[in-house]
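Before any comments, here is the structure.
Each value in this text was obtained by applying a stated rule to the coordinates, not by laboratory testing. What you are looking at is a predicted structure, and each value in this text was computed from that prediction instead of being measured. Note: ideal-geometry Cβ built from the backbone for every residue, glycine included; neighbour counts use all protein chains shown.
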Amino acid sequence: MKCEVVWQQLDDGPQGWDAALLLADEVLSEGPLPGVRWGRLVTMRACPAQTLGFPEAGKAGAQAVSLVQRDGRVLPESGRDRDRYVLAGDMGAEPLEDGGTAKKPPPWSGMSGAALWCSSEPDMPPLLTGVVVGDAPGWSHTQLEAVPAYMLASDPQVRRLVKEHTGQSMFLEPADLQDVTDLLAAPRPPRSPADLLRPEQAVVSFMGRDDLLKDLEHWCEPAPEEAQTDPASGAANSVWGWDESPVRARLLTGGGGAGKTRLSGELAARMAVRGWTTIRLTTDTTVPLGVLSQVRRSLLIVVDYAETRTQQLHDLLAAVDYNQVTAPVRVLTLARAAGDWWTRAAQHPHGQALVNEPVTPVPALHHTPDDRATAYQRAAGDFSMRLHRLSPAVDWPTLLPAVLAPAARPPLTGSEFDTPLSVQMAALLALLDATGTPQPTDPARSLEGRLLGHERAYWDKTANHREGLRGERAGEQTRSLAVALACMVPAIDRDDARTLLAHLPGLTDESAAAVRGELATWLQDLYPAPAEAEWGSLQPDRIAEHHLGTEASREPALFTRILTGLRGPQATKAMTVLTRTSQQPPHHEVISRILCDAVTRTPKILAPAALATATRTPYPAPLITALTELTRSTSDITLLYSLHDQIPHATLALSEWATALTTTLAEHHDTPKTDPAYLAMSLNSQSVRLAALGRREEALTAATRAVEIREALADQRPDAFLPDLAGSLTNQSNHLAALGRREDALTAATRTVEIRETLADQRPDMFGGDLERALQLRELLRHTP
């Protein structure tokens, strides 16, 4: 293929360059090609790498030269002082014999100029991390040296040419952190209208948020005392508190479409220009994160959907809580809202970094009609440029003036147009509808519903290319249900994908096995999948949730049946998505009914999942309704006790239901035939939950009954029931104090101390701590006015 050299640099010497940029004179591919992704190494660990070229060692005959692939590992510290990467292999190469006395050419001669590709994760595309310049002397031809990509990026002309001809900035990703990086952070070329709206695509130019971005940049930049210390000085080996730590964490909140992910991407790009390493953390919660403590540069880590990944957030903070972390580390978490999950995360042993920073809501962006009009115009222009790559047969720039004409522009008056996604959807729909294909949908329909009309054309086109999807069993309705299924629950693997698809109408029996397999493959290709799943979801979330709600409204029994068959993380993931979907008013009632029916039909599996999800989602109401219905209708007291034991001690989301549950348990045991110990235990729990709701008088009544019952039990069996009596007296004392009855509270606290002293004398190892806390409470009450 004929190419033009648009940039080159050839220098001799140990720090010389040998690199060039070529511009092809012909089209490289009929379809869209993914852009080259550039990389650099940011840790000291060796990184798997490869290069391909035509060295002397690859000569197959007198003149013929064969392509040679050289695999090995890049050793980041070797050559770093000379701005070189060193590719080390297990075997070297020998100079070829030429039969004469002339000096033999080096075996790797001719390899110069080859690209060096690195990736720490075999399942991810490698990154262009350098350009080979030669054979490192003194290593028996086992090593090759390369000019790092960061050196190429230091040339403004290189950056300009890359941007001009690829449409993408020369952003250097950390190649040795690929295994802890979200697969979806680097998007594939868009294939559908909805793909253009993904925040990772960044199709529409970033605008606004100036004050918030400045605030976040200031938060990232280290204070003088956070500058890197020399490990040899001993400063890095001191024990520090989180307030002195280089690690800081922050939470951004906002609803779907508010622009959180795009904002974090813009911040990452700006910090990368300043020399920071930036990643979006992998969604695979099983991946070890210890390598993050080895990063030698300032590090920004973005954690999206943080409310669903609290354990991974704990693991992340633990991974960077080491003495050798002296460069600044910033953890930017994104969630729809703070809630119980954030409170508990901050209480974790490594969660102090979360306490020290404010929760920052991402505000509405387009407040005024002028703001919205400007954003609409920019979005339409940007979409017209990118749509040309997606569908080159349409002359999109020609359509643009008509779309932007004042008479054609939609009113943009609803409150939903405060968010960037709504304005961008309106602009994209205006362009798509202007083509007349497919037939424009009713403008009175929601933006999400209208966009799905165009997205279905993509589904149909891709399905029609698969022979196995042309029959009735895989018709348009079935495919639409399959997409909704993929939006609701990720398939773990290929077998799980087939099992989930077997729920769909017409695909349950063995004769449909081939169709299920073909549908699974189709879904796998339709949208990019995260690392831990077989298929991906339609995006952005608002569009996926609208589609799921629409299909669930059409087939509620089907989605109830699917949900009842889920277990573990799949169940909690599905419930999380369904609670988000319930926030769209047209779908609230049907989604709430699906959740309630599923939980009450499979309570031993789904009730614990609903409880766990309710503490993580900002929209727990449908799950609490389901749990309340289960509490009212079930006769399985063992199950209710199991659920009670899983309720977090401090919870705002579940406080009303927790009170109802403890009341149900107390009423169940409040009969003459029931063991009074169970009634006292239930009353004690009920008093705690009532107090959490501020119902102090009722809490005191329940606690007092528990004290009376346990006093009688302790008279009969002091060894068994004195510890329980002390606990009930402590509760009673707290409730009395909250009601302003200090003297009565002090009396109860004094009785608690007396019991604790007796117990501690007998078993100091078991009851010493309880005594200390009882003494503290009594002293507090003594000095309270």
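Table for the structure above
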| item | result |
| --- | --- |
| Highest to lowest packing among 717-724, 604-611, scored as the average C-beta count within 10 Å | 604-611, 717-724 |
| Packing-based ranking, highest mean first, of 684-691, 506-513 given that Cβ atoms within 10 Å are counted | 684-691, 506-513 |
| Longest to shortest principal axis, alpha-carbon extents of segment 379-536, angstrom | 57, 33, 29 |
| Ordering of 127-133, 296-302 by packing [mean C-beta count within 10 Å, highest first] | 127-133, 296-302 |
| Lysine pair number, Cα distance threshold 23 Å (strictly under), the chain, separation 8 or more or different chains | 6 |
| Share of alpha-carbon pairs per 5 Å distance bin for segment 369-464, given as whole % | 2, 13, 25, 26, 20, 10, 3, 1, 0 |
| Crossing angle, helix 637-646 versus the chain [Cα axis fit, 0-90 degrees, rounded to tens] | 60 degrees |
| Radius, Kirkwood style, for segment 654-785 when every pair of distinct Cα atoms is counted (Å) | 15.0 Å |
| Rg in Å to one decimal, and Dmax rounded to a whole Å, for segment 463-560 via C-alpha atoms | 12.4, 36 |
| Dipole moment magnitude, nearest 20 debye, segment 390-510 about Cα centre, only Lys, Arg, Asp, Glu C-beta charged | 260 debye |
| Ellipticity estimate at 222 nm from DSSP helix runs (n ≥ 4, -39,500 (n - 2.57)) divided over the chain, nearest 500 | -14500 deg cm²/dmol |
| Cα long-axis angle, helix 541-554 against the chain (0 to 90 degrees, to the nearest 10) | 60 degrees |
| Computed Kirkwood radius, in angstrom, where 1/r is averaged over Cα pairs of the chain | 30.6 Å |
| Antiparallel %, DSSP beta bridges [both residues in the chain], to 5 | 60 percent |
| Kirkwood estimate for segment 99-212, i.e. one over the average of 1/r between Cα atoms, Å | 17.7 Å |
| Cα Rg, Dmax (largest Cα-Cα span) when computed across segment 37-176, Å | 16.1, 52 |
| Loop sites in segment 620-692: GluC sites (Glu not before Pro), DSSP, at most 12 other Cβ within 10 Å | none |
| Folded to 0 to 90 degrees: helix 696-716 orientation relative to the chain principal axis, Cα | 70 degrees |
| Per-bin percent of Cα-Cα distances, segment 409-493 [5 Å] | 3, 12, 19, 18, 18, 14, 9, 5, 2, 0 |
